Amino acid sequence: MARKYRSRRDKLNWYRIDLHLHTPASNDYLEPKATYLDILRKAEMSGLDIIAFTDHNTVSGIATLRREIEELYMLEQLKRIRQDEQQRLNEYRRLSEKILLLPGFELTATFGFHIIGIFPPQTSVRELEHILLNLRVPSNLLDVGSTQVGATVDVLTAYRIINEAGGLVVAAHANSTHGVAMQGFNFGGQTKIAYTQDPNLHVLEVTDLESRRRNRTANFYNGSKPEYPRRMHCIQGSDAHRVNQDPHEKNRLGVGGRITEVGLKERSFEALKALFMKNDFSKTRPFRATQAPFDHVLTARQQGTNIVQGFYESVNRRGGHLHAILCDICAFANTNGGALYVGVSNNPHKPAVGITKPTEAMDLIRSEVEKRITPPLEIQIERQETQGKKILQISIPLGVDPPYAIDENKIYVRDETETNLAVRDEIVALVKRNIKTEAVAPTSKEIQSSGKATPPPEESTTNVETSSSGAPKTGVEIVIREERKGKIFYSLRDLRNGNIVHNVTKKSARKLWQYAIKEYETNTVDEKKVTWQGEIGLWKKQQRGEQVRFDLVQRGPNDRLHVYYGVTYDGIDGMWQTLMDSAENDSNG
C-alpha cells in the first residue's frame, strides 16, 4: 500500500486512487445484488487508498451506506446487535481505517456531458442534495440514479457551482462518450476550449492515460497546444458499474480497473484537491501493478523539447548551462510556463546523467533566479528519479507580472523549441498582457454567453492582409516584404498567437524565421507539386531528430496563396489533420 512508496526526503506517500465508482444506487449498475461492503472489500483487494462514490445524479448510495453503518452502531450501543451484524460493523471499521471514502456524484449536464463532483468525507447528505438541486436535478429524481434527468445546468455553470461548494471538479471520461473534450465532433472549437480550460475545472479524467500514442489525451492538454495553453491534470478512473470486471467484456471494468497514483503528504481530501490546484504534474501517474512505476521524466523526454519543456544534462556555469537555464526560466515565465529537467538530455535513448549534488544545484538555481530575474518570480525545484539517477525538475509558472527580464534588460520568450531574446513587438505584447491582467477576468458565465474563449493580446496589423481563416496554430507566415533604403524587412505572423512581428531582417531573424525567409526567397511554392485537398495543401515535410515540421499552403480570396512555414503537429487539427492523414495514407500506399 502507500507506505512502501514513502520518500524520506520529501515525506510524500504515493496513494492509489479511483475517483469514479458507481454503486447499486445508479440504476444502470450491472450487479444490483452487490453490497456496499463488497465494493469496499474489492477496493481493498485492488490496493486502493482513496475512492469516491459517484452515482448518476444522486447521492443515495453514500446515504444508504452511512445509514447502514449508523444503524449497526446504534444496535451495538443498545447491545441488541446480532453476531453477523457485529461482524459487518467490525468490517466497516477496519476498512474505514484503510480506505478514505469520499462522497460525490456524476452530473449529467446540458447536452449530456458528464461532470464529477467530489467532496470532503464529512459533507452531509443534505448538503450534497442541496448542491444537486442547485444543479437543477429535479427533486423527484434525486434518488433514481438515472443518467437522464432532463434539463440541468450547462457545463460551465456546473463547474462553478461545484467548485464554489468546495468540491473537486472532474470532467468524467473527457475523451470518450459524454466527455467535454468532444472528441470526434467536427464543430464546437470555442466550446471545447472553454469546457476544458475553465478555471473552475480541476481535473480531466481520461481513458488513455497509459497510451503511448502521440495524440493521447494527456499530450493534447500538456500546455503545448496554442488553443489549450492551460496544462491540465489528467487522471484515470474505472467508471465501475460492477464490483469485478466482466470476464466477457473487458471494457466493463470493476472496482480499481484503472488506478491513478498521487503523491501526497497526507491521505485527505484537502491534500488531494491542493495537488490538482497546483502546476506540479510529477505527482500524478497511472498505477502499474506488474511493471516498474510510471516514469514521468522519461515520458517527458519521449515528447521532446517543446514550448513548455526543456532538458539540460548539467547546471554548471562552465559551458553556459546555468545561463541557458536562466534564459529558459525567463522565457517560460513570459510565454506559457513550463518545466525544465536538469540531469537528462531530451534524447530518451540516452542514459540519464544525473545530478551529483542536487541540494547545492537547487540552491544555486534559486540564488541566480533571485539575483538576476526581475520582477521576482516564484519557481519550484524538486528532486526526481529516473533510470536510477537523481535529477532536478524546475516548474515555472506563467508569470503574472510580465515582461520578466534577466539582468534588468534582457527579455526572453519561448518560440516552440527555442528560447530567444524578445523583439520589440513581442515586448509590446507582453506589456499589453500585463495591462489586461489588471482588469477583472471574465466569469465562466460571461465566456459561455459570448461563445468565445479569452482573446489573445491585441496585435498591430497596419498594412497587413489578414490570413485566410482556419490557418494552422503553429509556425509562421510572411505577410509583408518591403525594401527600405536598400535593406529588406519582413513582417511575420506568429500562428500560435496571431501576433505580427515587424521589421525582421535576415540578420535579426531567429531560426524558424530564417528558415521561412530563406524558403520565401529561394524556394517559391510550385502549386503543381503541392499535395492538395480542396483549398489547402502540403508543400514540404522535414524531420530533424524527433521534431517534424511541415510547410503548408492555403488558397485564400482572389486566389492569393498563404504559405505557413514550420508547422508542428501541435498546430494541426481539423481540416489540416485530415490533410495529413490523407497524405500519410498516400505515401504508405
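Criterion first (assigned to a strand (DSSP E or B), modelled with pLDDT of 95 or more and touching a strand residue (DSSP E or B) at 6+ places or on another chain (Cβ under 8 Å)) does Ile51 satisfy it? Here the answer is yes, as Ile51 does meet what is asked.
Under the condition of being surrounded by fewer than 20 Cβ atoms within 10 Å (Cβ to Cβ) and closer than 19 Å to Ala63 by Cα, the residues counted in region 135-164 number 9.
Taken as a whole, region 333-352 holds at least one residue that is of a type in the set (Val, Ile, Thr) and in a strand (DSSP E or B).
Exactly one residue out of Gly556, Gly574, Gly534 is out of contact with any Phe, Trp or Tyr (no Cβ under 9 Å at 6 or more places or on another chain), farther than 19 Å from Gly498 by Cα and small (Gly, Ala, Ser), and it is Gly534.
Looking only at residues of region 398-413 that are aliphatic (A, V, I, L, M) and modelled with pLDDT under 95, we find that the one that is farthest from Asn222 (Cα to Cα) is Val400. Please determine, by comparing only the residues of region 271-307 that are basic (Lys, Arg) and touching a residue at least 12 places away in the same chain (Cβ under 8 Å), which one is surrounded by the fewest Cβ atoms within 10 Å (Cβ to Cβ). The extreme case among them is Arg288. Every condition in (1) basic (Lys, Arg); (2) in contact with a Gly (Cβ under 9 Å, 6 or more places away or on another chain); (3) within 27 Å of Lys265 (Cβ to Cβ) holds for Lys42 except the one numbered (3).
Given the structure, is Val262 outside the structural domain of Glu378 (by TED's automatic domain parsing) and modelled with pLDDT of 95 or more? Yes. Scanning region 387-402 for residues that are buried (at least 17 other Cβ atoms within 10 Å of the Cβ) and either over 29 Å from Lys350 (Cα atoms) or in the same structural domain as Ser282 (by TED's automatic domain parsing) (or both) gives Leu398, Gly399, Pro402.
Restricting attention to region 108-133, which residues are more than 24 Å from the chain's Cα centre (by Cα) and β-branched (Val, Ile, Thr)? Thr123, Val125, Ile131, listed by residue number.
Residue-wise test of (1) at pLDDT 90 or above; (2) aromatic (Phe, Trp, Tyr); (3) closer than 24 Å to Thr260 by Cα.
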{"residue": "Phe187", "(1), (2), (3)": "no, yes, no"}
{"residue": "Gln190", "(1), (2), (3)": "no, no, no"}
{"residue": "Leu204", "(1), (2), (3)": "yes, no, yes"}
{"residue": "Glu210", "(1), (2), (3)": "no, no, yes"}
{"residue": "Arg214", "(1), (2), (3)": "no, no, yes"}
{"residue": "Thr217", "(1), (2), (3)": "yes, no, yes"}
{"residue": "Glu227", "(1), (2), (3)": "no, no, no"}
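Scan region 233-253 and tell me whether some residue there is over 28 Å from Ala471 (Cα atoms), over 19 Å from the mean Cα position of the chain (by Cα) and not in a loop (DSSP other than H, G, I, E, B). So far as region 233-253 goes, yes, one or more of its residues are over 28 Å from Ala471 (Cα atoms), over 19 Å from the mean Cα position of the chain (by Cα) and not in a loop (DSSP other than H, G, I, E, B). Determine if region 403-418 includes at least one residue that is within 20 Å of Lys278 (Cβ to Cβ) and not assigned by TED's automatic domain parsing to the domain that holds Asp570. Looking for residues that are within 20 Å of Lys278 (Cβ to Cβ) and not assigned by TED's automatic domain parsing to the domain that holds Asp570, one finds none in region 403-418, hence no.
Taking the criterion of being of a type in the set (Val, Ile, Thr) and buried (at least 20 other Cβ atoms within 10 Å of the Cβ), the residues of region 28-50 that qualify are Ile39, Ile50.
Can you report the number of residues in region 376-386 which are crowded, with 16+ Cβ neighbours inside 10 Å and either within 21 Å of the chain's Cα centre (by Cα) or closer than 17 Å to Arg285 by Cα (or both)?
6
In region 66-86, what residues are more than 30 Å from Leu168 (Cβ to Cβ) and surrounded by 13 or more Cβ atoms within 10 Å (Cβ to Cβ)? Selection gives Leu75, Glu76, Ile81, Glu85, Gln86.
Take Thr54 and decide whether it is farther than 30 Å from Arg288 by Cα and either free of Cβ contacts under 8 Å to residues at least 40 places away in the same chain or surrounded by 13 or more Cβ atoms within 10 Å (Cβ to Cβ) (or both). No; evaluated as a whole, the condition is false for this residue. Do we have Asn200 as surrounded by fewer than 20 Cβ atoms within 10 Å (Cβ to Cβ), touching a Lys or Arg at 6+ places or on another chain (Cβ under 8 Å), more than 19 Å from Val308 (Cβ to Cβ) and assigned by TED's automatic domain parsing to the domain that holds Leu272 here? So Asn200 passes the test. Per the conditions (1) buried (at least 16 other Cβ atoms within 10 Å of the Cβ); (2) touching a residue at least 60 places away in the same chain (Cβ under 8 Å); (3) over 22 Å from Arg242 (Cα atoms); (4) in contact with a helix residue (DSSP H, G or I) (Cβ under 6 Å, 6 or more places away or on another chain), the sole criterion not satisfied by Ala63 is (3). A single entry from Val548, Val553 fulfils the requirement of being within 32 Å of the chain's Cα centre (by Cα) and surrounded by 16 or more Cβ atoms within 10 Å (Cβ to Cβ): Val553.
Checked against (1) in a loop (DSSP other than H, G, I, E, B); (2) hydrophobic (A, V, I, L, M, F, W, C); (3) out of contact with any Gly (no Cβ under 9 Å at 6 or more places or on another chain), Leu75 meets all criteria but (1).
Residues in region 528-555 that are in contact (Cβ under 8 Å) with a residue 24 or more places away in the chain and closer than 26 Å to Phe489 by Cα: Trp539, Arg549, Phe550, Asp551, Leu552, Val553, Gln554, Arg555.
Residues that are touching a Cys at 6+ places or on another chain (Cβ under 8 Å) and not aliphatic (A, V, I, L, M) do occur in region 265-284.
Select from region 238-251 the residues that are of a type outside the set (A, V, I, L, M), buried (at least 17 other Cβ atoms within 10 Å of the Cβ) and in contact (Cβ under 8 Å) with a residue 60 or more places away in the chain and write down the one among them that is nearest to Arg288 (Cα to Cα). Checked region 238-251; the qualifying residue nearest to Arg288 (Cα to Cα) is Ser238. Examine region 274-282 for a residue that is under 16 Å from Arg231 (Cβ atoms), assigned to a helix (DSSP H, G or I) and not hydrophobic (A, V, I, L, M, F, W, C), and state whether such a residue exists. No, there is no match, as no residue in region 274-282 is under 16 Å from Arg231 (Cβ atoms), assigned to a helix (DSSP H, G or I) and not hydrophobic (A, V, I, L, M, F, W, C).
The values are calculated or read from the model by the stated rules, or taken from the named source; none is laboratory data. Everything quoted here is computed from the prediction, not taken from an experiment. In this analysis, Cβ positions are derived from the backbone assuming ideal geometry, glycine residues included, and neighbour counts consider all displayed protein chains.
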